[in-house]
Structures are given as C-alpha cells and as structure tokens.
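Q: Have a look at the structure that comes next, please.
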Amino acid sequence: MEGVVECTRTKCPEFPPGTAPAPQPGECCPACRKVNTPEKEGVCTVFGDPHYKTFDGRIYNFQGSCKYLLTQDCSEGASNSNFSIRITNDARDTVAFSWLRTVTVRLGTTKVSLLQKMRVKVDGKKVDLPFIKLGVMSVMQDGYRVILRTNEGARILWDGVSFLELTIPSKMAGRMCGLCGDFNGDRRNDLIGRHGALQIGRASCRERV
C-alpha cells in the first residue's frame, strides 16, 4: 500500500458437522472435506491417571487437575444445557498425575452429580438408587457401578472411583465437542476444540471448554 507492506491474518472458515479440514499445499486455510459419520454408538472412556479414549478411538493421556468439559452437544442451535458432561480431576499423592473424582451431567434444567463411593446427587440433593425422573433420565446401581441412562439414549457407567464409560447414540455423530472428541469418524482432529485451537495442553486450574 503506497510502498508499505501491510499484513493481515487470514481467517479460515469454520467446518460444519460431518466435515473435517484437509491441508491445501500453498494455501493458508485447509479445504473442507466430508467424513464418514459413524453408524454405530460412540463410546468414550476415562480411566487410570487419567487416560482418555475418544468416540473415534483416539487414546491420549492428560494429567490436568481441574474442571473440564468431557463432552457436549455443540451443534448449531443446541443449547449448552441440553446435554453436557463436565468432570473434576484431582491430583493424588503427586502433582504429576491426576484422577477423575466427580462427574456432573446436565440434562436441560436437571443436574446430576456422580460422586465418590457411588453417591449420587440430583439438583444438589442426595438421592437413593434407583432414581427415575420421568422424561429425563434414570440412575441405578448394578453391583459395583452406577449406570445413568438419559431419555435421549446416552448411557454413563461410573464405578464410584475413577472409571467412566460414556455411550451416545449414532444420531449424535458429528455434533459433539470436548475431551471425548467430535464423534465424526476421524480421530485425527479429536484434540481440536470447537474454536479451532488445540484443547489439550496447559493444566491451569480453570474450566477448559
């Protein structure tokens, strides 16, 4: 511009559900390509100190000690409170490792807390199992585990210590975000958050979404 170089940062487009970025040689922004959305249920697992296995099968370790978004329906038009699961990780014995301590599930206006020793709270009040809220969810104890089933077809298995298994129906494919990934059939972008940035890294104590 009149002999002076002016630089501007290129803003790349967002990728809608069912698509993924594909690198373009010589271009700043990746192209948009379709991915094969899963036709079966998605399963995300949290175990150990802790390890994560995403809906698309990617396994990674993350020792952050704080509150984190495990998964949420991030599709266009979806409310953050429709369906979301947040977890709290605590350091045990050493700051080098952490363990899953509590699980908080939000289903519309209902809040379910899965706590240590298989204790369960609904909207802040401790409940005895089995517990059913018509049209929303049911919670029951099966041996040494608590099982929460939502009216929309999601299932959470919690051992009351540090193991969590989340299963969601195939109709939610490509709509999710959080530590469990986006459930779009492509494990390569599972660590990319909904805003396009790497979501695993710093372990500062603030809720990572």
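The values are calculated or read from the model by the stated rules, or taken from the named source; none is laboratory data. Here the structure is a predicted model, which means the values were calculated and not measured. Note that each Cβ is placed from the backbone with ideal geometry, even for glycine, and that neighbours are counted across all protein chains shown. The accessibility values were calculated without ligands, DNA or RNA, using every heavy atom of the protein model including side chains. Shrake-Rupley method; radii C 1.70, N 1.55, O 1.52, S 1.80 Å.
Q: Among the residues of segment 102-140, write down those that are assigned to a strand (DSSP E or B), open to solvent by less than 40 Å² (accessible area, probe 1.4 Å) and either farther than 19 Å from D159 by Cα or β-branched (V, I, T) (or both).
A: Listed by number, the residues that qualify are T102, V103, T104, V105, L107, T110, V112, V120, V122, V139.
Q: Moving on. Any idea which residue in segment 115-150 is nearest to S84 (Cα to Cα), counting only those that are in contact with a Leu (Cβ under 9 Å, 6 or more places away or on another chain) and of a type in the set (S, T, Y)?
A: Within segment 115-150, the match that is nearest to S84 (Cα to Cα) is T150.
Each row is one residue, and each column tells you yes or no for (1) open to solvent by 90 Å² or more (accessible area, probe 1.4 Å); (2) without any contact (Cβ under 8 Å) to a residue 24 or more places away in the chain.
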position	(1), (2)
E2	yes, yes
A22	no, yes
R33	no, yes
F62	no, no
L69	no, no
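Q: If you don't mind, there's one more thing I want to ask. With R155, R188 as the choices, which residue is within 24 Å of D49 (Cα to Cα), modelled with pLDDT of 95 or more and surrounded by fewer than 19 Cβ atoms within 10 Å (Cβ to Cβ)?
A: R155 is the lone residue from the list that is within 24 Å of D49 (Cα to Cα), modelled with pLDDT of 95 or more and surrounded by fewer than 19 Cβ atoms within 10 Å (Cβ to Cβ).
Q: With (1) open to solvent by 30 Å² or more (accessible area, probe 1.4 Å); (2) at pLDDT 90 or above as the list, and I147 as the residue in question, which single condition is left unmet?
A: Just one mismatch for I147, condition (1).
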